[in-house]
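Each reported figure results from applying straightforward, stated rules to the coordinates on display, with no laboratory input. The structure presented is a predicted model; accordingly, all values stated were derived computationally and were not measured. All Cβ positions, glycine included, derive from the backbone under ideal geometry; neighbour counts span all protein chains shown.
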Amino acid sequence: MSQSATTTQNPRNPDRHQGLASGGTTFAGVLLAVTGLLSIFRGIMGIAKNDVFVATKDYVFRWDLTGWGWMHLILGLLVFLVGLALLKAAPAWARTAGVVLASLALIVNFLSLPWHPLWSLILVALYAFIIWALCTVRHRDT
């Protein structure tokens, strides 16, 4: 067998994982853009009509729900813009900004668990995947 045939069939081949990560980066860009839009809509709902959200009485991180709305709106806008930047050849600054913003969005969604438990858990998982995908890409390949 030739050298290229053995490296292609090896399940622990780093090139195979790099291909997954590169595809993951594109998928992360799409996810950032979509979750950013959804966060913008979630923020608009919180600002326009803060009775859309169920208020939790004794929550440690109690804020005015309009404040949560503004947080989701601003973060959603930034996440959306970075997601679009990642879809355009994934420059290094966009990957770094994507990791930072996905980390912040993960924290914000964790803190908003009392208002939207299922949706917040789904977004926490998506943002964790986005962080993984953006951190896995080798800089020399982009």
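Couple of notes before you dig in:
- Label positions at residue 44 and residue 70, each projected 7 Å from the Cα along the C-beta direction, are separated by 1.9 nm.
- A straight chain from residue 104 to residue 81 at 0.36 nm per residue would run longer than the Cα-Cα distance by 6.8 nm.
- Across the range 23-37, the residues whose backbone nitrogen lies under 19 Å from the label position 7 Å along the beta-carbon direction of residue 88 are 25-37.
- Karplus-derived HN-Hα couplings along the range 66-73 (A = 6.51, B = -1.76, C = 1.60, θ = phi - 60°), whole Hz, x at Gly and Pro: 5, x, 4, x, 5, 4, 5, 5
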